[in-house]
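What follows is a short report on a single structure.
The values are calculated or read from the model by the stated rules, or taken from the named source; none is laboratory data. On a predicted model such as this, the values are computed, not experimentally measured, just so you know. Neighbour counts run over all protein chains shown; Cβ positions are idealised from the backbone, glycine included.
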């Protein structure tokens, strides 16, 4: 049954985004706020499809911790799920994302229109310098900036492997950093067709204010994200013990 529902959801999910990309083409000639409205509708409709077809719900905690003005959103990255679900919480935002996404027909046009930050990860330190320059412009506009500090998706329960770039941005730009913990990988695992029923929890933690030394910030961010995400995973397992073998396999493999 999970496989059948997952197949049906995937058809609905990709049909939904394909139709929206075509219908929303006129917004490319309008201010980017209209493209963000379309993005939020996409996120909301995708979460609705996931709930109705697969029985996968969402719970947002800690929204009162979201600061005003420019800040870094440093989210745990377990799934493709958070790349669209987090859109629900913010308005004029910016993502640091891999350059290859801008090559996708139609989808890439919207990325450019929304003034996001695509990077070529093979450029190493040169890419980081470009990100810092663009991030300063984003923060000057009062916009929040998304970054996944692990750089790529890590399975639920696997130890985090963090990149130091987030600490560099935090130190260079002197803005707060908002840690976001989650357990999405239990229900929408990376490289998996299956979408499992249950409740994905997003926990928005208190912001880390600017002023810490880079290494101290880096360690604090990792500790908060890992500990809070582990709590969310444990909560999910307590409700559905069948998730426990998945987490154990991830810990053994990674």
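List of remarks:
- Residue satisfying condition, being over 24 Å from residue 43 (Cβ atoms) and touching a helix residue (DSSP H, G or I) at 6+ places or on another chain (Cβ under 7 Å), within set 127, 135, 140: 127
- Test result for residue 232, in contact with a strand residue (DSSP E or B) (Cβ under 7 Å, 6 or more places away or on another chain), under 17 Å from residue 164 (Cβ atoms) and in a helix (DSSP H, G or I): no
- Of the criteria (1) touching a helix residue (DSSP H, G or I) at 6+ places or on another chain (Cβ under 6 Å); (2) closer than 24 Å to residue 127 by Cα; (3) loosely packed, with under 14 Cβ neighbours inside 10 Å, which one residue 193 fails: (2)
- Counting residues in region 124-131 that are free of Cβ contacts under 8 Å to residues at least 24 places away in the same chain and within 19 Å of the chain's Cα centre (by Cα) gives zero.
- Any chance residue 187 is surrounded by 19 or more Cβ atoms within 10 Å (Cβ to Cβ) and either at pLDDT 95 or above or in contact with a helix residue (DSSP H, G or I) (Cβ under 9 Å, 6 or more places away or on another chain) (or both): yes
- Residue 115 passes every criterion in (1) surrounded by fewer than 17 Cβ atoms within 10 Å (Cβ to Cβ); (2) without any contact (Cβ under 8 Å) to a residue 24 or more places away in the chain; (3) outside any helix (DSSP H, G or I); (4) in contact with a helix residue (DSSP H, G or I) (Cβ under 9 Å, 6 or more places away or on another chain) apart from (2).
- Taking the criterion of being surrounded by fewer than 23 Cβ atoms within 10 Å (Cβ to Cβ) and in contact (Cβ under 8 Å) with a residue 40 or more places away in the chain, the residues of region 152-166 that qualify are 152, 153, 154, 155, 158, 159, 160, 162, 164.
- Only one entry in 176, 245 is out of contact with any helix residue (DSSP H, G or I) (no Cβ under 6 Å at 6 or more places or on another chain), closer than 23 Å to residue 66 by Cβ and surrounded by fewer than 22 Cβ atoms within 10 Å (Cβ to Cβ), namely 176.
- Within region 196-224, residues that are on the phi > 0 side of the Ramachandran plot and surrounded by 14 or more Cβ atoms within 10 Å (Cβ to Cβ) reach partners that are assigned to a loop (DSSP other than H, G, I, E, B) and at pLDDT 95 or above with beta carbons closer than 8 Å, at six or more positions or on different chains, in the pairs 198/55; 198/187; 198/240.
- Meets criteria (touching a helix residue (DSSP H, G or I) at 6+ places or on another chain (Cβ under 9 Å), over 19 Å from residue 240 (Cβ atoms) and modelled with pLDDT of 95 or more) for residue 15: no
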